[in-house]
Amino acid sequence: MKTSKWLLLVLGSLGCAAGCQRGNKVDAAPSAPAAAVVRVTRRDLANDMEIASEFQPYQEIEVYAKVSGYIKKLNVDWGAHVKQGQVLAVLEIPELEQQLQQDEAAVHRSENDLDRAREQMNQADSMYKVAHLGYTRLQNVQKSQPGLVAQQDLDAAEGKDLEANAGAAGAKDALAGAEQALLVAKATFEKDRAMFAYSQITAPFDGVVTAMDAYTGALLPAGTSSNIGTSSLCRLSQNDRLRLVIPLPERAVPDVHVGQTVSIRVSSLNKTSTGKIVRVSGQIDRQTRTMHTEVEVPNPQYELLPGMYASVELPLHEAVHALSVPTQAVQATADGKGTVLVVNGDHRIERRNVTLGIQTATDVEIVSGVQENDQVIFGSQAQYQTGQLVTPKQLNSEELE
């Protein structure tokens, strides 16, 4: 009797143990570890390069005087905005004013000499016509009635004809000389008048006066090669457009072209603007292995100033509507390959080999190996095993940052 009771107790214990084991298998999925996952999505990616530079004026010059003179009137000062052709200063040049008066008098004298030469030529032509007509008549009489005119009279008429002819030729040469003298006098007058026009120093382009070197009463020397740099009137900068000169690394040269739009960030103003690549040197510097590249930046409100530092973002590679995941979801290997852990429909881990494309600071392009909307593990892959059962937890945008 005791033996039967002991058997029933053992069988009951075994049945309870089997029931408990079956209950544990059913509850395995809810007890699987949570895994942070992100979905494979499509987005536009761009691989950028950031290069620091500083703004330079589009053009900047030292304004010199063409002719030497004292500053009689000054119209600008530091920071003045001027337009092309605007008078910056007026010089006093008394010796050049006197030279202009002499030149003008020389022109009038040459004009009078030319009038006198014309009258003399007309007179010489008239005398020649009379002498030549008299000689011609005597010749005709001599031919028709030989002996009627004395040979001496005929010779005298011929001599007067030749003399008058020579006088007419001389008067014509004198007229030509007077005409040339008038042209020389006018040319001298125009040259000196053009030089005197430089007594008004004008702006060659729209710009800003960024420095003053001379003021009213100062003597400005003529801006010849012998004294360039000794004394200028001012420094003029064109700041409505600015240049950014960047040393472009050799590896980025194939991806940059003239006309390309770039983003420019000015940290001192907390402002971002755009510029355009307008010129490249077309040659790699052998020492720095970079290429001289210029970016033109519009500055109509003069908010940007030459000398300010700026960062230029150059888009080197672009991919439109590409499959991508956060960089933390990929374990990269060599030669543009990598692996990701995909959570399949049964919530189990699959290790996939993928081909990588463009990589930005936050995302990486997946060329092959996964499909859109696949769920991949975010973060370290070391804690997971292939085939492991997990509970996927979708991360939002705030948790990815």
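The values are calculated or read from the model by the stated rules, or taken from the named source; none is laboratory data. Values in this document were obtained by computation on a predicted structure and should not be read as measured data. Cβ sites come from the backbone with ideal geometry, for glycine too, and all protein chains shown count toward neighbours. Only protein heavy atoms, including side chains, enter the accessible area calculation; ligands, DNA and RNA are left aside. Shrake-Rupley method; radii C 1.70, N 1.55, O 1.52, S 1.80 Å.
Only one of these is within 24 Å of Ala34 (Cα to Cα) and either outside any loop (DSSP other than H, G, I, E, B) or not hydroxyl-bearing (Ser, Thr, Tyr) (or both): Gln301, Gln371. Name it.
That would be Gln371, the only listed residue that is within 24 Å of Ala34 (Cα to Cα) and either outside any loop (DSSP other than H, G, I, E, B) or not hydroxyl-bearing (Ser, Thr, Tyr) (or both).
What are the residues in region 39-61 that are open to solvent by 70 Å² or more (accessible area, probe 1.4 Å) and either in contact with an Asp or Glu (Cβ under 8 Å, 6 or more places away or on another chain) or within 30 Å of Val330 (Cα to Cα) (or both), if any?
Matches in region 39-61: Arg39, Arg42, Arg43, Asp44, Asp48, Glu50.
Is it the case that some residue within region 70-92 is more than 33 Å from the chain's Cα centre (by Cα), surrounded by fewer than 12 Cβ atoms within 10 Å (Cβ to Cβ) and either under 17 Å from Tyr215 (Cβ atoms) or not aliphatic (A, V, I, L, M) (or both)?
Checked region 70-92: no residue is more than 33 Å from the chain's Cα centre (by Cα), surrounded by fewer than 12 Cβ atoms within 10 Å (Cβ to Cβ) and either under 17 Å from Tyr215 (Cβ atoms) or not aliphatic (A, V, I, L, M) (or both).
Can you work out which of the residues in region 347-401 that are touching a Phe, Trp or Tyr at 6+ places or on another chain (Cβ under 8 Å) and under 15 Å from Thr327 (Cα atoms) is most open to solvent (accessible area, probe 1.4 Å)?
Going through the qualifying residues, I end up with Leu400.
Say whether the condition of being within 30 Å of Tyr198 (Cα to Cα), free of Cβ contacts under 8 Å to residues at least 24 places away in the same chain and hydrophobic (A, V, I, L, M, F, W, C) is met by at least one residue in region 82-94.
Within region 82-94, the first condition is being within 30 Å of Tyr198 (Cα to Cα), and the residues that meet it are 82-94.
From the residues that got through so far, the ones that are free of Cβ contacts under 8 Å to residues at least 24 places away in the same chain too are 94.
If we keep only those that are hydrophobic (A, V, I, L, M, F, W, C) too, we end up with none.
Checked against the condition, which is being within 30 Å of Tyr198 (Cα to Cα), free of Cβ contacts under 8 Å to residues at least 24 places away in the same chain and hydrophobic (A, V, I, L, M, F, W, C), region 82-94 yields no hits at all.
Taking into account only those residues within region 341-368 that are among the polar types (S, T, N, Q) and assigned to a strand (DSSP E or B), which is nearest to the chain's Cα centre (by Cα)?
Gln359
When Leu242 is evaluated against the numbered criteria (1) more than 20 Å from Glu294 (Cα to Cα); (2) touching a residue at least 12 places away in the same chain (Cβ under 8 Å); (3) open to solvent by less than 60 Å² (accessible area, probe 1.4 Å), which criterion, by number, is the only one it fails?
(1)
Residue by residue through region 285-310, note down the ones that are small (Gly, Ala, Ser), open to solvent by 20 Å² or more (accessible area, probe 1.4 Å) and under 25 Å from Gln359 (Cα atoms).
First, the residues of region 285-310 that are small (Gly, Ala, Ser): 307, 310.
Applying the additional criterion that residues be open to solvent by 20 Å² or more (accessible area, probe 1.4 Å) yields 307.
Those that are small (Gly, Ala, Ser), open to solvent by 20 Å² or more (accessible area, probe 1.4 Å) and under 25 Å from Gln359 (Cα atoms): none in region 285-310.
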